[in-house]
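Below is one structure, written out as structure tokens; comments come after it.
The values are calculated or read from the model by the stated rules, or taken from the named source; none is laboratory data. Computed from a predicted structure; not experimentally measured. Heads up, the Cβs are rebuilt from the backbone with ideal geometry, glycines too, and the neighbour counts pull from every protein chain shown. The protein model used for the area step is the full one, side chains on, heavy atoms only, and it has no ligands, DNA or RNA in it. Shrake-Rupley method; radii C 1.70, N 1.55, O 1.52, S 1.80 Å.
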Number of protein chains: 2
Amino acid sequence: MSHHQPDVDVVVVGAGMAGLVCAHRLRRRGVGVLVLEATHRPGGRTVGIDLDGETADLGGQFIGPGQDRVYALAAELGVATFPTYTAGANVFETETGRLLRFRGMVPKLSPLTLLDVARAQLRLDRLARTVDTETPWLGPNATALDGQTLQSWIDRTVRTRGGRRFLTLACQAIWACEPAELSLLHALFYIKAAGSLSALTEFEGGAQQDRLEGGASGLAGRLAAGLATDLRLSAPVRRIDHDDTGVTVTVEDGTAWRAGRVVVTVAPPLAARIAYHPPLPAARDNLLQRLPMGSVLKCIAMYPEPFWRAAGLSGAALSLRGPIALTADSSPQSGRRGVLIGFVNGATARDLAAHSEADRRTILLGALTRLFGLPARTPVAFVEQNWNEEPFTRGAYSAVFPPGAWTRLGSALRAPVGRIHWAGAETSPRWYGYLDGAVRSGETTADTIARDIHADPAATRA
Amino acid sequence: MSHHQPDVDVVVVGAGMAGLVCAHRLRRRGVGVLVLEATHRPGGRTVGIDLDGETADLGGQFIGPGQDRVYALAAELGVATFPTYTAGANVFETETGRLLRFRGMVPKLSPLTLLDVARAQLRLDRLARTVDTETPWLGPNATALDGQTLQSWIDRTVRTRGGRRFLTLACQAIWACEPAELSLLHALFYIKAAGSLSALTEFEGGAQQDRLEGGASGLAGRLAAGLATDLRLSAPVRRIDHDDTGVTVTVEDGTAWRAGRVVVTVAPPLAARIAYHPPLPAARDNLLQRLPMGSVLKCIAMYPEPFWRAAGLSGAALSLRGPIALTADSSPQSGRRGVLIGFVNGATARDLAAHSEADRRTILLGALTRLFGLPARTPVAFVEQNWNEEPFTRGAYSAVFPPGAWTRLGSALRAPVGRIHWAGAETSPRWYGYLDGAVRSGETTADTIARDIHADPAATRA
């Protein structure tokens, strides 16, 4: 029966890093794959844009120590890495617009505030160590930690107003959401998945240490080129039929593929929007109802040169005044041009979206000008990317667990449903939400499937 | 151009109470409607089942004072109401299985616990009065209230262990979720939308005061009969195209209808699963990512007679031991048979679902037997309904706002997106989540649309 003759061993839904790596690795192990991507380009939450001959990253771009799998992938694909520019002082802007220069990650707040922030960081790191990232719902204190928001923890633990403001800014910068939206347990899980809070926030020695030559999107580009016609773009998957003998994956225009298995790599809110027949088990469906994406708008301003460097500035800034909460130097390694990137996070990203494009540009360049001086006002190129408006991403950096989700439904995050496997940066117990987490999840899922198929080829192709 | 020739004035997505009432009212005002329902039956979260010649409600069934619109609808449709049986004592079961008889809503806990619960109720009612249910995000204290879970509030406010247990049980009973999952602001909004906490919990004088002759599903049945061929069953809407001139609504099998407007009445997580072209604005999409449904399994046990009445029991029980958290007498008014209904809520509903059907029956009847005695073990009929497993409902009683959602994105809950209107029990500022809220939302939306169309007929039919 043709119904039982799979068109392909494995269909991969989504050509973000997880999907591309999964397909790449499966092919290498002799498993036939087809990758279906909803948009017109591979890369998912990494995307490159040409600005005056340089590729700029509108999405994920940094990598750092401990992210071994993305470094290994870059090496394998021949993509060189180079250190993020960090010489000079960082800038901190207070709510009233006062500018302070500082080194490291915490600006020169008042001694009391500094102490308060240091204590909070120590406590978060210490609490994070109690979380097992494979099974965060099983920890001794999981229910209590998952019963409250990070906001409640900050309100209870951080005594100074300055400390609370700074931790709120840190939350917005790290998770692209408000502390009100985030389960304390998820924050701790996320910290542990990276190693420590400073691993998340630091440039040197942290997740922002290095960049990829030609942009992070180069990884996806090379993987996609390798897949050639096994990658179909502009093919949004709308329906997955599944039974004991295989899966049928149907895209928007009605084309359907039969396969032994399917790997869904899209972010949780988008995985929820595929129609599954039979329907997903209640626990998996209920989990997918609960994992919204963070909100982030990233802007990129290119200048004739990195003018801030001459002024002794690194290009990194933190601002309580906003709307840009943090910036970094994202200039090409050559220094041929100067590039600043700015992030507008959480509720602010939504508020900003209400303005016209022209107004947003004025507001964003105004913010950069306050931080870096008049030359910031007149870039040679300026682009912005509101990830919440991308219909097939609908937010960034990653999905955020609200209170109660990990402890009630966490065990449904990674468990396959019959022949449906789940991958993506949100399924990785290491570097959840990061490029490296996406790579790991693609690798792990490919290994699991390849092992199953080689152990019992009939089970897939029957 | 046929493209500009609407097939119908308004397409309504979903034949739950909101959709049916909306369509019914639009037709009365001379507006042409077509209702598309995903399942094989109208009624949404109300559904009737025949048990030995009596209609039993597997979903919503109670109505009470203040729910004027559902009473008016019942009167209009000729559906009589009758009081829920409440004579006799209620039963409270402690965690260790001790049974206490009580009257009213709060059992005879220790004096300290009683005081604690009474204080908590008073505080919740007082806080709820500060919430404007039209705009909960604008209240003076909205950000602080929305920054924490109900769990955090209970932990901070309720001093006795017994009090905390009882309030957790109350949360599970009222919202079908754990206190960890619920924004304190949402709990307060919900209380205010009903009037007070006791309006939610009471039988006499509260939302469980009355029942509908022949079951709540009779309302949907009569409305559906009136719509005749303007209601299409087994027609899951998968796509809505919309522009300045109208909408095109496409169902699973590819059939498409052109209309002037569309009213989406399905619950928020399901509204998120329709593909919109162009995509929804970020705020609306982001809100839909954040509103999961509660979890509830309802069971119905029918006996030769309401045997508990002779023992002086009302049939209402609250249990800390579980898995059934609360019960009620749902016998037909005639008393020809005895019917007990039981609710398994929140995390417990999910845990129970892991058992086989036979085991669940044993567990559930065992729980009823502990509460009401040996005759409960041998019903003449027994059914259960796990609302989380219904692919086109995916939970009940209603969507639950986690922390941060109301204040960040609440303004996107009811605002139309061009020619797409939103209705459903979750959009009502009165009796949110109740039958009455669904009726109100259908009426309000119909009135808005009818007003617009009559003001400018060309705008719809152009």
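Name the residues in the range B:222-241 that are under 25 Å from B:ALA450 (Cβ atoms) and open to solvent by less than 30 Å² (accessible area, probe 1.4 Å), would you?
Listed by number, the residues that qualify are B:LEU223, B:ALA224, B:LEU227, B:LEU231, B:ALA235, B:VAL237, B:ILE240.
Of the residues A:ALA75, A:ALA120, which is outside any loop (DSSP other than H, G, I, E, B), open to solvent by 60 Å² or more (accessible area, probe 1.4 Å) and on the phi < 0 side of the Ramachandran plot?
Working: A:ALA120 fails: open to solvent by 60 Å² or more (accessible area, probe 1.4 Å).
The unique qualifying residue is A:ALA75.
Identify all residues within the range B:244-296 that are touching a Cys at 6+ places or on another chain (Cβ under 6 Å) and over 12 Å from B:ALA399 (Cβ atoms); write none if there are none.
Of everything in the range B:244-296, just one residue is touching a Cys at 6+ places or on another chain (Cβ under 6 Å) and over 12 Å from B:ALA399 (Cβ atoms), namely B:VAL263.
Within the range B:212-242, how many residues turn out to be within 14 Å of another protein chain (Cβ to nearest Cβ) and of a type in the set (Ser, Thr, Tyr)?
Here the count works out to 1.
Considering only the range B:46-69, state which residues are closer than 21 Å to B:PRO268 by Cβ and touching a Leu at 6+ places or on another chain (Cβ under 8 Å).
Across the range B:46-69, the qualifying residues are B:THR46, B:VAL47, B:GLY60.
Among the numbered criteria (1) away from every other protein chain (no Cβ under 14 Å); (2) touching a helix residue (DSSP H, G or I) at 6+ places or on another chain (Cβ under 8 Å); (3) within 25 Å of A:GLY147 (Cα to Cα), which one does B:LEU115 miss?
(2)
Assess whether B:THR369 counts as being polar (S, T, N, Q), more than 29 Å from A:PRO278 (Cα to Cα) and either over 18 Å from the mean Cα position of the chain (by Cα) or modelled with pLDDT of 95 or more (or both). Steps first, answer last, please.
Numbers: polar (S, T, N, Q): yes; more than 29 Å from A:PRO278 (Cα to Cα): yes; either over 18 Å from the mean Cα position of the chain (by Cα) or modelled with pLDDT of 95 or more (or both): yes.
Yes.
Look at B:THR245 and say whether it is among the polar types (S, T, N, Q), touching a His at 6+ places or on another chain (Cβ under 8 Å), away from chain A (no Cβ under 14 Å) and in contact (Cβ under 8 Å) with a residue 60 or more places away in the chain.
The answer is yes for B:THR245.
Among the residues in the range B:5-26, are any of a type in the set (S, T, N, Q), closer than 22 Å to B:ALA271 by Cβ and either at pLDDT below 95 or open to solvent by less than 10 Å² (accessible area, probe 1.4 Å) (or both)?
Of the range B:5-26, the ones of a type in the set (S, T, N, Q) are B:5.
In the following step, the residues that additionally are closer than 22 Å to B:ALA271 by Cβ were identified as none.
For the range B:5-26, residues of a type in the set (S, T, N, Q), closer than 22 Å to B:ALA271 by Cβ and either at pLDDT below 95 or open to solvent by less than 10 Å² (accessible area, probe 1.4 Å) (or both): absent.
Residues to consider are A:SER198, A:SER234; find the one that is of a type in the set (S, T, N, Q) and part of a loop (DSSP other than H, G, I, E, B).
A:SER234
Matching residues to (1) of a type in the set (S, T, N, Q); (2) in contact with a Lys or Arg (Cβ under 8 Å, 6 or more places away or on another chain):
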| site | (1), (2) |
| --- | --- |
| A:THR369 | yes, yes |
| A:VAL383 | no, no |
| A:TRP387 | no, yes |
| A:ARG394 | no, no |
| A:PHE401 | no, yes |
| A:GLY410 | no, no |
| A:LEU413 | no, no |
| A:PRO416 | no, no |
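Can you spot a residue in the range B:88-95 that is within 26 Å of B:TRP175 (Cβ to Cβ), in a strand (DSSP E or B) and among the polar types (S, T, N, Q)?
Yes, the range B:88-95 has at least one match.
So B:ASP285 ticks every box in (1) in contact with a helix residue (DSSP H, G or I) (Cβ under 6 Å, 6 or more places away or on another chain); (2) within 14 Å of another protein chain (Cβ to nearest Cβ) but one. Which box is left unticked?
Condition not satisfied by B:ASP285: (1).
Identify the single condition in (1) under 19 Å from A:ALA446 (Cβ atoms); (2) of a type in the set (D, E, K, R); (3) assigned to a loop (DSSP other than H, G, I, E, B) that A:ARG41 does not satisfy, given that it satisfies every other one.
(1)
Within 14 Å of chain B (Cβ to nearest Cβ), in a strand (DSSP E or B) and either open to solvent by less than 50 Å² (accessible area, probe 1.4 Å) or of a type outside the set (Val, Ile, Thr) (or both): does that describe A:ARG290?
no
Please note which helices (runs of 4 or more DSSP H) are completely contained in the range B:339-446 and include at least 1 residues that are within 14 Å of chain A (Cβ to nearest Cβ), open to solvent by less than 10 Å² (accessible area, probe 1.4 Å) and among the small types (Gly, Ala, Ser).
B:347-353, B:405-409
Could you tell me whether any residue of the range A:213-221 is under 30 Å from A:PRO107 (Cα atoms), in contact with a Phe, Trp or Tyr (Cβ under 9 Å, 6 or more places away or on another chain) and surrounded by 20 or more Cβ atoms within 10 Å (Cβ to Cβ)?
The answer is yes, given that some residue of the range A:213-221 is under 30 Å from A:PRO107 (Cα atoms), in contact with a Phe, Trp or Tyr (Cβ under 9 Å, 6 or more places away or on another chain) and surrounded by 20 or more Cβ atoms within 10 Å (Cβ to Cβ).
For residues in the range B:249-261 being part of a strand (DSSP E or B) and under 19 Å from A:ALA275 (Cβ atoms), which is farthest from the other protein chains (Cβ to nearest Cβ)?
Filtering first and then ranking leaves B:VAL249.
Is one or more of the residues making up the range A:388-406 in contact with a Phe, Trp or Tyr (Cβ under 6 Å, 6 or more places away or on another chain) and over 16 Å from A:GLY294 (Cβ atoms)?
Within the range A:388-406 (the criterion being in contact with a Phe, Trp or Tyr (Cβ under 6 Å, 6 or more places away or on another chain) and over 16 Å from A:GLY294 (Cβ atoms)), the answer is yes, since at least one residue qualifies.
Search the range B:262-282 for residues being more than 13 Å from A:ARG273 (Cβ to Cβ) and open to solvent by 20 Å² or more (accessible area, probe 1.4 Å), and hand back the single one that is farthest from the other protein chains (Cβ to nearest Cβ).
B:VAL266
In the range B:32-70, which residues are buried (at least 23 other Cβ atoms within 10 Å of the Cβ) and of a type in the set (Val, Ile, Thr)?
B:VAL33, B:VAL35, B:THR46, B:VAL47, B:ILE63, B:VAL70
Please tell me if B:GLY221 is over 30 Å from B:VAL117 (Cα atoms) and outside any strand (DSSP E or B).
The answer is yes for B:GLY221.
Among (1) closer than 18 Å to A:ALA173 by Cβ; (2) in a helix (DSSP H, G or I), which single condition is A:LEU227 missing?
Among (1) closer than 18 Å to A:ALA173 by Cβ; (2) in a helix (DSSP H, G or I), A:LEU227 violates only (1).
For (1) out of contact with any Asp or Glu (no Cβ under 7 Å at 6 or more places or on another chain); (2) free of Cβ contacts under 8 Å to residues at least 60 places away in the same chain; (3) more than 30 Å from A:GLY322 (Cα to Cα), each residue gets a yes or a no:
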| position | (1), (2), (3) |
| --- | --- |
| A:VAL12 | yes, no, yes |
| A:GLY16 | yes, no, yes |
| A:ARG27 | yes, no, yes |
| A:ARG41 | yes, no, yes |
| A:GLY48 | no, no, no |
| A:GLU54 | yes, no, no |
| A:ASP68 | yes, no, yes |
| A:ALA75 | yes, yes, yes |
| A:LEU99 | no, no, no |
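All but one of (1) touching a residue at least 40 places away in the same chain (Cβ under 8 Å); (2) in contact with a strand residue (DSSP E or B) (Cβ under 7 Å, 6 or more places away or on another chain) hold for A:PRO179; state the number of the condition that does not hold.
Only one criterion is unmet by A:PRO179, namely (1).
Mind listing whichever residues of the range A:299-312 are open to solvent by 10 Å² or more (accessible area, probe 1.4 Å) and touching a residue at least 40 places away in the same chain (Cβ under 8 Å)? I'd like the intermediate steps shown before the answer.
Our first condition is that a residue be open to solvent by 10 Å² or more (accessible area, probe 1.4 Å); within the range A:299-312, this holds for A:304-307, A:309-312.
Once the filter is applied, which keeps residues that are open to solvent by 10 Å² or more (accessible area, probe 1.4 Å) and touching a residue at least 40 places away in the same chain (Cβ under 8 Å), the range A:299-312 yields A:PRO304, A:PRO306, A:PHE307, A:ARG309, A:ALA311, A:GLY312.
For the range A:125-169, give me each residue that is open to solvent by 30 Å² or more (accessible area, probe 1.4 Å), of a type in the set (A, V, I, L, M, F, W, C) and either touching a Pro at 6+ places or on another chain (Cβ under 9 Å) or facing chain B (nearest Cβ under 9 Å) (or both).
Answer for the range A:125-169, where residues must be open to solvent by 30 Å² or more (accessible area, probe 1.4 Å), of a type in the set (A, V, I, L, M, F, W, C) and either touching a Pro at 6+ places or on another chain (Cβ under 9 Å) or facing chain B (nearest Cβ under 9 Å) (or both): just A:ALA144.
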